[in-house]
Amino acid sequence: MINEEIRDKEIRLIDVDGSQLGIMSAKEAQKIANSKNLDLVKIAPQATPPVCRIMDYGKYKFELAKKEKEARKNQHVVNIKEVRISPSIDEHDFNTKINHALKFLKAGDKVKVTVRFRGREVNHSSLGESLLQRFADSVSELGVVEKKPKLEGKNMAMFLAPKQ
């Protein structure tokens, strides 16, 4: 709440430099803020009496937006990329999938490696598990196993995270 929106009978007023001006009516505080060509902003409405501060509200909002933008710029969103393979994958195709996973791990993304079983292949889930273990060993210089291989329906999945 700013300026005329503040309707409390008594407020505690803080000046621009941070010094306390004491407890007074909202109208008096508004007059002081107007005389300095600044805004009266309620910063602690839950306090008794509520705390208001004299400040340039536009400048304050600009600084907040600037800090928020800076914080957003510095954060990195970790995506999960998926690499799908089958238990009967050929060696060259397997190496291509490893190269894709290495590229994702270098970019800082997590990789979900999924082995898809079709038909009766699911009976030989140990083949898929050994294939995923071989995959994890191949990318071990850039990634670590975050979740071990787990069979879910007709898919076996394993998660890899980039090394720190």
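The values are calculated or read from the model by the stated rules, or taken from the named source; none is laboratory data. Computed from a predicted model, the values in this text were never measured in an experiment. Here the Cβ positions follow ideal geometry from the backbone for every residue, glycine too, while neighbour counts run over all protein chains shown.
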Requested in this report: Could you list, in sequence order, all residues of the range 135-161 that are loosely packed, with under 12 Cβ neighbours inside 10 Å and either assigned to a loop (DSSP other than H, G, I, E, B) or touching a residue at least 24 places away in the same chain (Cβ under 8 Å) (or both)?
Outcome: Glu141, Gly153
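Only strands (runs of 3 or more DSSP E) wholly contained in the range 17-76 count here; list those with 2 or more residues that are within 38 Å of the chain's Cα centre (by Cα). Explain how you work it out, then say what you get.
Details: elements: 20-25, 39-44, 51-55.
It comes to 39-44, 51-55.
Listed here are the residues, each with its yes/no results for (1) modelled with pLDDT of 90 or more; (2) of a type in the set (Lys, Arg).
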{"position": "Lys110", "(1), (2)": "yes, yes"}
{"position": "Phe117", "(1), (2)": "yes, no"}
{"position": "Val122", "(1), (2)": "no, no"}
{"position": "Leu131", "(1), (2)": "yes, no"}
{"position": "Asp137", "(1), (2)": "yes, no"}
{"position": "Glu146", "(1), (2)": "yes, no"}
{"position": "Leu151", "(1), (2)": "yes, no"}
{"position": "Met156", "(1), (2)": "yes, no"}
Report summary line: Cβ pairs under 7 Å, 6+ apart or interchain, first in the range 105-126 and in the same structural domain as Ile89 (by TED's automatic domain parsing), second assigned to a loop (DSSP other than H, G, I, E, B) and β-branched (Val, Ile, Thr), ordered by first then second residue, are Leu105/Val139; Gly108/Val78; Asp109/Val78; Lys110/Val78
**Report entry** Every pair of residues 6+ apart whose Cβ atoms lie under 6 Å, when the first sits in the range 1-23 and is assigned by TED's automatic domain parsing to the domain that holds Asn34 while the second is among the β-branched types (Val, Ile, Thr) and loosely packed, with under 14 Cβ neighbours inside 10 Å
**Finding:** Glu10/Ile23; Arg12/Ile23
